[in-house]
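A.B. asks: Handing you this structure, nothing more for now.
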Amino acid sequence: MKIAKAYDKDIFCLEGDWTRNLLKQYSIKSALDFLKANREINYIYRHCGTKENLAYYLKQWQLKRYKQYSIGYLAFHGKPGYILIGKEPVRLDELAEMMGSNCQNKIIHFGSCHILGTDLRHLKRFLRKTKALCVCGFQTEIKFIEGSAFDVLLLDMFQEFLDVSRVEAHIKTYYKTFAKKLEFKLIHL
């Protein structure tokens, strides 16, 4: 089923390192601050530098006290079918195991290059294992600012609709060129 229970969907965001240079402070946190200030979307933000951090925070997200955080926003470097934590790959199947089947009524967005550039069977298996409403992200290399801008639009759109297929239709109507450039994909069962 692809219908959310509420219009207001808070964000649970996990972000990896974007560069090895510790002087650079790239982060999507400022985009989350923008959404909080201008759209009153609450968020939880955590940095993940290891696979263990990722597994720990994904388990925390499943706790009942965080149920209103129904958008999982995973911002990491990626390759087709997996995210990178440092140089360590975490495949979609591994992520599904970390999340378990506890993602009912949740949306999972990968703010990551390439991850959805994998076989549709893998993405649908991920959805079946996690029981998420949908999974979305990019199929190509994206520029940080462009990707962040699209993410802000997308996260805002998720507040407007209960049916995730309406988000997909809205993107095709109003942001088709932008979505096509970034090779954005939204998959639901």
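A.B. asks: Step through the residues of the stretch 176-185 one at a time and calculate ³J(HN,Hα) from phi using the Karplus curve (6.51 cos²θ - 1.76 cosθ + 1.60, θ = phi - 60°), rounding each to whole Hz and writing x for Gly and Pro.
C.D. replies: 4, 5, 4, 4, 5, 4, 8, 6, 6, 9
A.B. asks: Amide H of Cys134: which non-local residues (sequence gap of 5 or more, or other chain) have their own amide H closer than 5 Å, using H built in the peptide plane?
C.D. replies: Here Ile108 satisfy the definition.
A.B. asks: Let me ask something additional. Rank the residues Asp8, Asp151 as a footprinting-exposure proxy: fewest other Cβ atoms within 10 Å of their Cβ go first.
C.D. replies: Asp8, Asp151
A.B. asks: Check which residues have an amide H placed less than 5 Å from Ile44's amide H, if you skip close sequence neighbours.
C.D. replies: Amide H to amide H, under 5 Å and 5 or more residues apart or across chains, Ile44 pairs with Ile11, Phe12, Cys13.
A.B. asks: Quick one: grab Rg to one decimal and Dmax as a whole number for the stretch 11-187, Cα atoms only, in Å.
C.D. replies: According to the Cα coordinates of the stretch 11-187, Rg and Dmax are 14.9, 42 Å.
A.B. asks: If you take every residue apart from Met157 with its C-beta less than 10 Å away from the C-beta of Met157, what net charge results, scoring Lys and Arg +1 and Asp and Glu -1?
C.D. replies: -2
A.B. asks: Among the lysines, which fall within straight-line cross-link reach of Lys36, defined as a Cα-Cα distance under 20 Å, with same-chain neighbours fewer than 8 residues apart omitted?
C.D. replies: Lys9, Lys67, Lys106
A.B. asks: By its C-alpha gyration tensor, with a ≥ b ≥ c as the square roots of the eigenvalues, how is the stretch 22-83 shaped: rounded for a/c under 1.5, else prolate for a/b larger than b/c, else oblate?
C.D. replies: Since a/c reaches 1.5 but b/c is at least a/b, the shape of the stretch 22-83 is classed as oblate.
A.B. asks: Related question: List, in the order given, every pair from Lys5/Lys124; Lys79/Lys124; Lys59/Lys176; Lys5/Lys29; Lys5/Lys143 whose Cα-Cα distance in the structure shown is over 23 Å.
C.D. replies: Correct reply: Lys59/Lys176; Lys5/Lys29; Lys5/Lys143.
A.B. asks: Further question: Quick one: putting +1 on the C-beta of Lys and Arg, -1 on the C-beta of Asp and Glu, what dipole do you get for the chain around its Cα centre, in Debye to the nearest 20?
C.D. replies: Dipole of the chain, to the nearest 20 debye: 420 debye.
A.B. asks: Around Gly147, under 13 Å between beta carbons, what's the net of Lys plus Arg minus Asp minus Glu among the other residues?
C.D. replies: So the surrounding residues net to -3.
Readers should treat all values here as calculations from the given coordinates under stated rules, not as data from a laboratory. None of the values given here were measured: they were computed from a predicted structure. A quick note on method: Cβ atoms are made from the backbone with ideal geometry, for glycine too, and the neighbour counts reach across all protein chains shown.
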